[in-house]
Amino acid sequence: MLAATKILRGTPLFGRMFGIDQNDGLEEINSWPNLMIVTSFVWLAVAGLIGLSMPLIQRFELDSDLYYLALTAHGAALAFPFGFQLMVGVGLHRNGGCSGKAVTGTLPALIYIFMNVGSALLTVAILMGFSVSLVVMYPLPVVGVETGQWSYSSLVLGFTGIGLVLIMMILLYPIQVLKMSFFGKERDDLTLNKRTLDDPGMLGMVVAALVLLVFGMPLLIVASYVLVSLYGIIPFEAITFFLEPVIFQFAFFVFAHNLMEAMAIMVISAVYGTLPLYLADGTRELYSKKLANLAIWILLITSFSSFLHHFITLFPNMPSALAYHGHIMSWGTGIGSALSIFTILATIWKHGLRMNPGVLTVLMGFALYVLDGSSAIVTSNVAWSFQLHGTMWQSGHTMTVLISMSMLWMGVLYHHYPVMTGRKLDDTLGYWWVGLFTVGAAGAALVMLAGGAAGMPRRHADWAQDGWMIYGDWTLFFGFVMAAGLFVYALNLFKSRWIDDTAFSPSAQPGPAE
Amino acid sequence: MFDALFQSGWGAYAMMLFMLIPFLCIFFYVVIRKSIIDPSPSTADKKSFKKFEYLWMGLVVFVFVTVNVASIQFMPTVITANAAASDENIFDVDVSAVSWSYDISEQTLEVGRPIRFSAKSEDTMHSFAVYHPDGRMLFTMMLMPKMDGPTSLIYTFKDPGTYTVRCLEYCGLSHHDMRDELTLVASN
Ligand SMILES: [Cu+2]
């Protein structure tokens, strides 16, 4: 029995949702992915509750320090140990089933440990007062120590946690994906649905891994130097170049922005992989593979330098030519998305759709992704950026991009669930989940964007300052709707029933085998 | 006609909806029609799919190009460059930001006269965002410490009144209290 299976067995409540069926012969592609998914949901539960607490802290005018602590904890938990870990879990299972390679050995265990131990250390640091917000806002962590806002030990602990998470995202995970995609023995018993690199459902996965590896490297190097000097191994004076705010900020956003793009590329490729399995006429083919791949390449090419839109308002310290470049590239990603929209709708139009809660989750996640994309390109326009940067618009965008991608993954997960656990879900609960979560997420997004349009600042502990509380109240309302949706999703997983052993085999299943 | 669109956050919101709503209409039409009403395969030939493909992409490119070209004259970068190149009499205001306050060289300013704000941060990331008395954010400037020169912008105010200055880059536990004011008076 694999270590991950043992841990799952011993986990109350959540272990029940993602138990491993040891008789189906798929433990080697299910065990670690399932454990990662379960753990990501634990983080989601915590992060969601913290998220709901934020408008409540403002509403009841509690301590502003508490608000910034919640803000930092909420963002950090949602982006990394929930969002990224969910993606890694579902992604590695998909990769295993598509390439016929096991997800076993030291590397998956290290991925799991680095992600969760790193996130736990960061969380402890935040509880110690390390309220630097999700994006670190360097040099704030250091300035905060100098001005007595938090302790030096919380800074060291927090950066150590971030370091572990970065190593996992930038090195371990991409290596695991590349290893499975290009090396190792292919096993027929693990191959659920063979895919090669010309398949959009596989291409995105490999491209995303490369993006993380390449665009994360500068940050990994900068962060390593900073960490080593925080430990006192080398003096700060020796690394002044890496301590320049502008170096850290640019390295950070090259990574953070491309991390989002990599996740988007991966998730779009998962949509391309999943949608064809639900076509009414059983063709299992996209409208055009070529168009689908073209969209992925356009996303890749336009996205890597569009991170410059984070610094438009730094003018003229960032030359306007670079601002315009970031602006144009951002709208270029819109062209890639327009191609994706066409491919998906043309596929459905051509072949008809076999409706099911899993594919509906994917489609609603995609609609949210387009909502987010339109908000993102608008704020990347140089004229609008100056009026929206630093407002709630940006928080609405960040939240929606994470939520839409998570929703897409949860749809893909819904689809894979029978193969991953040997159990099936209830469709009625499935539809309730999609409905509630879509309304909650879209509502929260539109309210937060509206707050930004009204000038409501993000990461700001005093919404009463200029009548912004109303946006907070509505965000809270839609937050509760989202929470209800997630509760139904969890309930569905918890109540799932075993698929009759005799009826079960990957090939006999209409949908679940990728 | 583009003034309202490009000079407030609500214009941006309208633009977002302008792209989103048609998408949602087409999206739900296709999904509902082809899953609930009639999931049978389409009889349309390849040519008509191609026609829609070009129509859709053409429309997207047209909207993208039109909106962005129209926005050029409203870009603070462009406005600043034009004002700097003209012979207009520019009034200089220097701003220094430190956690959690501003030092602004002149806080009573004239309406109608181009003002060059040059702002620097002394410690961590801050911003210098100016809010119109009606609550709209007019512009924000990101201030990064240890840069060679200041972040700088030329802006000409239209209305007299009390404008609020806020920091919009999270800068620590009293970030929300980092505020100041500008008073705009009619020119004499
Ligand atoms: Cu500040």
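Please go through the range A:412-446 and pick out each residue that is among the aliphatic types (A, V, I, L, M), modelled with pLDDT of 95 or more and open to solvent by less than 20 Å² (accessible area, probe 1.4 Å).
Answer for the range A:412-446, where residues must be among the aliphatic types (A, V, I, L, M), modelled with pLDDT of 95 or more and open to solvent by less than 20 Å² (accessible area, probe 1.4 Å): A:434, A:441, A:444, A:445.
Only one residue in A:71, A:52, A:121 is under 24 Å from residue A:493 (Cβ atoms), hydrophobic (A, V, I, L, M, F, W, C) and open to solvent by 10 Å² or more (accessible area, probe 1.4 Å). Which one? Let's see the steps before the verdict.
Details: A:71 fails: under 24 Å from residue A:493 (Cβ atoms); A:121 fails: under 24 Å from residue A:493 (Cβ atoms).
Residue meeting the stated conditions: A:52.
For the range B:28-42, which residues satisfy the criterion of being within 7 Å of chain A (Cβ to nearest Cβ) and over 16 Å from residue A:359 (Cα atoms)?
B:40, B:41, B:42
I need every pair where a residue in the range B:169-183 that is near the ligand (Cβ under 9 Å from one of its atoms) and part of a helix (DSSP H, G or I) has its Cβ under 9 Å from the Cβ of a residue that is at pLDDT below 95 and of a type in the set (Ser, Thr, Tyr), sequence separation at least 6 or different chains.
Sorted first by the residue in the range B:169-183, then by its partner, the pairs are B:175/A:64; B:175/A:68; B:175/B:99.
Go through the range A:410-439 residue by residue and tally those that are out of contact with any Ser or Thr (no Cβ under 9 Å at 6 or more places or on another chain) and within 13 Å of residue A:363 (Cα to Cα).
2
Quick one: is residue B:149 part of a loop (DSSP other than H, G, I, E, B), within 11 Å of the ligand (Cβ to nearest atom) and facing another protein chain (nearest Cβ under 10 Å)?
Working: part of a loop (DSSP other than H, G, I, E, B): yes; within 11 Å of the ligand (Cβ to nearest atom): no; facing another protein chain (nearest Cβ under 10 Å): yes.
Criteria not met by residue B:149.
So if I check each of A:269, A:337, which one is open to solvent by less than 10 Å² (accessible area, probe 1.4 Å) and either assigned to a helix (DSSP H, G or I) or among the β-branched types (Val, Ile, Thr) (or both)?
Values: A:337 fails: open to solvent by less than 10 Å² (accessible area, probe 1.4 Å).
One residue alone meets the criteria, A:269.
Being more than 8 Å from chain A (Cβ to nearest Cβ), within 18 Å of residue B:66 (Cα to Cα) and hydrophobic (A, V, I, L, M, F, W, C) is the filter here; which residues of the range B:1-27 pass it? Give the derivation first.
So the first thing to find is which residues in the range B:1-27 are more than 8 Å from chain A (Cβ to nearest Cβ), and the list is B:1-5, B:14, B:17-18, B:21-22, B:25.
Add one more test, that the residue is within 18 Å of residue B:66 (Cα to Cα), and what stays is B:1-5, B:14, B:17-18, B:22.
Of everything in the range B:1-27, those that are more than 8 Å from chain A (Cβ to nearest Cβ), within 18 Å of residue B:66 (Cα to Cα) and hydrophobic (A, V, I, L, M, F, W, C) turn out to be B:1, B:2, B:4, B:5, B:14, B:17, B:18.
When the range A:234-266 is examined, which residues are found to be open to solvent by 20 Å² or more (accessible area, probe 1.4 Å) and either over 28 Å from the mean Cα position of the chain (by Cα) or over 24 Å from residue A:377 (Cβ atoms) (or both)?
A:234, A:235, A:236, A:237, A:238, A:240, A:241, A:242, A:243, A:244, A:246, A:247
Please go through the range A:318-342 and give me each residue that is of a type in the set (Val, Ile, Thr), facing chain B (nearest Cβ under 10 Å) and under 24 Å from the mean Cα position of the chain (by Cα), ordered by number.
Taking the range A:318-342 first, the residues of a type in the set (Val, Ile, Thr) are A:328, A:333, A:335, A:341.
Then drop every residue that is not facing chain B (nearest Cβ under 10 Å), which leaves A:328, A:335, A:341.
Across the range A:318-342, the qualifying residues are A:335, A:341.
Tell me the residue from A:221, A:167, A:175 that is part of a helix (DSSP H, G or I), aliphatic (A, V, I, L, M), open to solvent by 50 Å² or more (accessible area, probe 1.4 Å) and over 24 Å from residue A:301 (Cα atoms), please. Don't jump to the end; show me each part of the working.
Details: A:221 fails: over 24 Å from residue A:301 (Cα atoms); A:175 fails: over 24 Å from residue A:301 (Cα atoms).
That would be A:167, the only listed residue that is part of a helix (DSSP H, G or I), aliphatic (A, V, I, L, M), open to solvent by 50 Å² or more (accessible area, probe 1.4 Å) and over 24 Å from residue A:301 (Cα atoms).
For residues that are closer than 26 Å to residue A:456 by Cα, of a type in the set (Gly, Ala, Ser) and not in a strand (DSSP E or B), tally how many sit in the range B:79-137.
Final tally of qualifying residues: 2.
Going residue by residue through the range B:100-110, is there one that turns out to be within 26 Å of residue B:2 (Cα to Cα) and either at pLDDT below 95 or open to solvent by 60 Å² or more (accessible area, probe 1.4 Å) (or both)? So that I can check it myself, show each step before the final result.
Quick first cut of the range B:100-110, residues within 26 Å of residue B:2 (Cα to Cα) only: B:110.
Imposing the further condition that a residue be either at pLDDT below 95 or open to solvent by 60 Å² or more (accessible area, probe 1.4 Å) (or both) reduces the set to B:110.
The answer is yes; a qualifying residue exists.
Residue check: is residue B:140 open to solvent by 20 Å² or more (accessible area, probe 1.4 Å), part of a strand (DSSP E or B), touching a residue at least 12 places away in the same chain (Cβ under 8 Å) and under 19 Å from residue A:466 (Cβ atoms)? Spell out the reasoning first.
Details: open to solvent by 20 Å² or more (accessible area, probe 1.4 Å): no; part of a strand (DSSP E or B): yes; touching a residue at least 12 places away in the same chain (Cβ under 8 Å): yes; under 19 Å from residue A:466 (Cβ atoms): yes.
The answer is no for residue B:140.
Do you know which residues across the range B:92-136 are within 16 Å of the ligand (Cβ to nearest atom), within 14 Å of chain A (Cβ to nearest Cβ) and touching a residue at least 60 places away in the same chain (Cβ under 8 Å)?
Once the filter is applied, which keeps residues that are within 16 Å of the ligand (Cβ to nearest atom), within 14 Å of chain A (Cβ to nearest Cβ) and touching a residue at least 60 places away in the same chain (Cβ under 8 Å), the range B:92-136 yields B:97, B:99, B:100, B:101.
Look at the range B:155-174 and say how many of its residues are within 11 Å of another protein chain (Cβ to nearest Cβ), more than 24 Å from residue A:242 (Cβ to Cβ) and not hydroxyl-bearing (Ser, Thr, Tyr). Please lay out each step first, then the result.
Filtering the range B:155-174 down to residues within 11 Å of another protein chain (Cβ to nearest Cβ) leaves B:155, B:164, B:166-174.
Narrowing further to those that are more than 24 Å from residue A:242 (Cβ to Cβ): B:155, B:164, B:166-168, B:173-174.
Then keep just the ones that are not hydroxyl-bearing (Ser, Thr, Tyr); that gives B:166-168, B:173.
The qualifying residues number 4.
Quick check on this structure: which one of A:277, A:294 is touching a residue at least 12 places away in the same chain (Cβ under 8 Å), open to solvent by 30 Å² or more (accessible area, probe 1.4 Å) and out of contact with any strand residue (DSSP E or B) (no Cβ under 8 Å at 6 or more places or on another chain)?
A:294
Within the range B:152-168, can you find the residues that are out of contact with any Gly (no Cβ under 8 Å at 6 or more places or on another chain) and within 16 Å of the ligand (Cβ to nearest atom)? Don't jump to the end; show me each part of the working.
The initial filter retains those residues of the range B:152-168 that are out of contact with any Gly (no Cβ under 8 Å at 6 or more places or on another chain), namely B:152-155, B:159-167.
Hits for the range B:152-168 are B:164, B:165, B:166, B:167.
What's the number of the only condition in (1) within 16 Å of the ligand (Cβ to nearest atom); (2) in contact with a helix residue (DSSP H, G or I) (Cβ under 8 Å, 6 or more places away or on another chain) that residue B:75 fails to meet?
Failed condition: (1).
The values are calculated or read from the model by the stated rules, or taken from the named source; none is laboratory data. Being a predicted model, the structure only gives us computed values, none of them experimental. Because the Cβ atoms are built from the backbone with ideal geometry, glycine has one as well, and the counts that use them run over all protein chains shown. Surface accessibility is based on the protein's heavy atoms, side chains included, excluding ligands, DNA and RNA. Shrake-Rupley method; radii C 1.70, N 1.55, O 1.52, S 1.80 Å.
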